[in-house]
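*Asks:* Let me give you the structure first, and then I'll get to my questions.
Read-outs: derived from the displayed coordinates by stated rules, not from any lab. Note that the structure is a prediction, hence the values are computed from the model and not measured. We place every Cβ from the backbone using ideal geometry, glycine too, and count neighbours over all the protein chains shown.
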Amino acid sequence: MLESLVDILPLTKATSFPRIICRLLFTFLQRFLLIMASLGFFLEVLNASSLGASRTPVKPEILSLLRRKRELRHRWMSTRHPLDKAEFNAATNLLRKALFEAKSDYFVDMLRAIDPNQNRGFALWKCTRSLKRQPMRRFSLLRRDETWARSDLDIAEEFANDLCERFTPFDLATDEEVLVTTTFSGVNPGPIAHISPISAPEDEPSFRKTIGAPVLVMVFYETLCPDSKYFITKQLLPAFKAAAPIMEVQLVPYGKATTSTDSEGKYTFDCQHGITECQANTYHACVAEVINDPLIRLEVVTCMIRDNRQPKDAMLKCTKQYNVENIDLIQKCYDSSHGSELMKLNGDATHALRPAVTFIPTITLDGSQGRQPSILKDLLSEVCKAAGDMEQAEKICKKP
């Protein structure tokens, strides 16, 4: 109304001042009404949210599981340990299960409180809108007799008949036919023995026991992998220092890399963490071959894996720290094709693992992957179990 009043005022100097006043008044009222409408909508939303919160309160158990999940996630992000990740996954599953049960209970309560007249705040369409989905169409099959197969049973039967006509297995040869064929070919097969399936023993040991020899610990790792770094520094080196007489460590730096050959026939590698990791893997392979002393070899590798961002600098620093004499042989190994050949052998050994590698690092004890979570968490205890009744193992692994 104010806008129409303003529009009909004549554009003269005498009426310019009242026109300005009317426009200001109209603008003020318009903004005031917008503010009041927004405030009313905000109060309505706040009231609805408070009602919803009162209807569906969060259970204390769910809040506790949520806090637990966040704690475990923070721990896993800090340590990157596989066992911490397993605990985090377990907590996530428990929280998901609790949320599912809470949603189910809420849905049951909502069904009990349904009111078609919406007197209690529940509308019937809210419960049924998810059910009003487009049904999945079922396609019929045309039979050879020009009739249609419409039901599931008729369609399955038609498929079965068609497969039987298309794929007919060969008849198995009888013993007499086998004898005739082998006699005609001049081969004497002897008596025919029917082969029965071989049943595997039920109680197969987790590790292959060695008699009198140390436990062969093979470490399949990557030089820039945080989990590999944690295992070598926190498990492998301390375990070897404590149980060197019953352990033989073989390092296989390769991980989830891939090997290919270029146009000149040279090996090229693509590593999970980039070209720097390929360089560091090659240095580790050369160090493992050149250094003969097992403890010094492992100490140098442990020193290098703590900071492999500059692989050559890490090799020079760590070999000098442990007074390695033949540093030039390590560098010659890296610069020549021999380093690539070592990497190729490490890749073949990694890909030959059964079951195949899914996590790095992967550890084998006497060729068996055994209980990987236990090995990664407490290598010394698992080595003692694999050593069995060795005389030295009884002294080293004897618990106080």
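*Asks:* Over all directions, what mean area does the Cα convex hull of the range 273-400 project, stated in square nanometres?
*Replies:* 9.6
*Asks:* Per residue of the range 78-89, in order, report the coupling 6.51 cos²θ - 1.76 cosθ + 1.60 (Karplus, θ = phi - 60°) as ³J(HN,Hα) in whole Hz, putting x for Gly and Pro.
*Replies:* Calculated HN-Hα couplings, in order: 7, 9, 6, 7, x, 6, 5, 5, 5, 5, 5, 5 Hz.
*Asks:* Of the peptides 66-74, 297-305, how do they stack up when ordered by the mean number of other Cβ atoms within 10 Å, highest first?
*Replies:* 297-305, 66-74
*Asks:* Sticking with this structure for a sec: I'd like the distance between the alpha-carbon centres of the range 89-107 and the range 239-271, rounded to an integer number of Å.
*Replies:* Using only Cα atoms to place each centre, the spacing works out to 43 Å.
*Asks:* May I pose another question? Pairs to check: Lys229/Lys312; Lys320/Lys398; Lys229/Lys344; Lys377/Lys398; Lys234/Lys320; Lys320/Lys377. Give those whose C-alpha atoms are more than 26 Å from each other in this structure.
*Replies:* Distance filter (> 26 Å) returns Lys320/Lys398; Lys320/Lys377.
*Asks:* For the range 238-251, what does the Karplus curve 6.51 cos²θ - 1.76 cosθ + 1.60, with θ = phi - 60°, yield as ³J(HN,Hα) per residue in whole Hz, taken in order and with x for Gly and Pro?
*Replies:* With the stated coefficients, the range 238-251 comes to x, 5, 5, 5, 7, 9, 4, x, 10, 10, 10, 9, 10, 9 Hz.
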